[in-house]
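This report concerns only the one structure given below.
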Amino acid sequence: MKIYTKTGDKGQTSLVGGERVAKSHPRIEAYGTVDELNAYIGLLGDQAVNLSRRALLKEIQDRLFTIGANLASINENPKVPDLYEEDVTLLEKAMDEMDASLQPLRAFVLPGGHQSVSFCHVARTVCRRAERLIINLAADEPVDELVIKYMNRLSDYLFVLSRKMTQELGTEEITWQPRRNNKG
């Protein structure tokens, strides 16, 4: 089987079920951004600091494939895997475990401090973009509410993960210090 089909050469693609839509359709934008996020989660899993979290990061990648399949389906399709409330709970438990050993957050955190941490912040911002695109899609078309909830919780998870990675790498958390107006 060849990877190229030539069926998208005129700017159209197929959704699950066969319906053709423009590659710029909000549904395609949404699941394309989820795919981009999945690549960044893979990058996070490849970081040595995340060795103990690789299984969870792979689980997240699996859920992102589920979300992509969900978004690629306009109508319910028995071949599309399900997302469960337990998937959200798994992220919450992981956040609670990491947060237990972190200092309370007293300021906004700037992305950076270590390349691995920066990768995590990129994943977090891509997750937020995917979430916005999914919410935009949901304003006009049916979207499973659990997809939106999962994406929101995942961006929270990625923020806590960035803080935990900073701690484990022994690097300084860079806090935002707003400039003060010195004009008298």
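Any idea which residue in region 130-146 is farthest from the chain's Cα centre (by Cα), counting only those that are in a helix (DSSP H, G or I), in contact (Cβ under 8 Å) with a residue 40 or more places away in the chain and crowded, with 18+ Cβ neighbours inside 10 Å?
Of everything passing the filter in region 130-146, Leu137 is farthest from the chain's Cα centre (by Cα).
Given the criteria buried (at least 19 other Cβ atoms within 10 Å of the Cβ) and assigned to a helix (DSSP H, G or I), does Leu64 qualify?
yes
Since Ala107 meets every condition but one in (1) out of contact with any His (no Cβ under 8 Å at 6 or more places or on another chain); (2) within 17 Å of Val49 (Cβ to Cβ), which condition does it not meet?
(2)
Show the residue pairs meeting these rules: Cβ distance below 6 Å; 6+ apart or different chains; first residue within region 38-54 and farther than 16 Å from Gln115 by Cα; second residue part of a helix (DSSP H, G or I) and not charged (D, E, K, R).
If the second residue must be part of a helix (DSSP H, G or I) and not charged (D, E, K, R), the pairs left are Asn38/Gln61; Asn38/Leu64; Arg54/Gly45.
Filter region 147-174 for residues that are β-branched (Val, Ile, Thr) and either touching a strand residue (DSSP E or B) at 6+ places or on another chain (Cβ under 6 Å) or assigned to a helix (DSSP H, G or I) (or both) and give the result.
Val147, Ile148, Val160, Thr166
What single numbered condition from (1) in a loop (DSSP other than H, G, I, E, B); (2) under 18 Å from Phe65 (Cα atoms); (3) not β-branched (Val, Ile, Thr) fails to hold for Leu90?
Among (1) in a loop (DSSP other than H, G, I, E, B); (2) under 18 Å from Phe65 (Cα atoms); (3) not β-branched (Val, Ile, Thr), the lone unmet condition for Leu90 is (1).
So in region 67-87, with the set limited to residues that are crowded, with 18+ Cβ neighbours inside 10 Å and modelled with pLDDT of 95 or more, which one is farthest from the chain's Cα centre (by Cα)?
Asp87
Between a first residue in region 153-166 that is modelled with pLDDT of 95 or more and a second residue that is of a type in the set (S, T, N, Q) and buried (at least 20 other Cβ atoms within 10 Å of the Cβ), which pairs have beta carbons less than 6 Å apart while being 6 or more apart in sequence or on different chains?
Met165/Ser116
The values are calculated or read from the model by the stated rules, or taken from the named source; none is laboratory data. Nothing here was measured: the structure is a model prediction, and the numbers come from that model. Neighbour counts run over all protein chains shown; Cβ positions are idealised from the backbone, glycine included.
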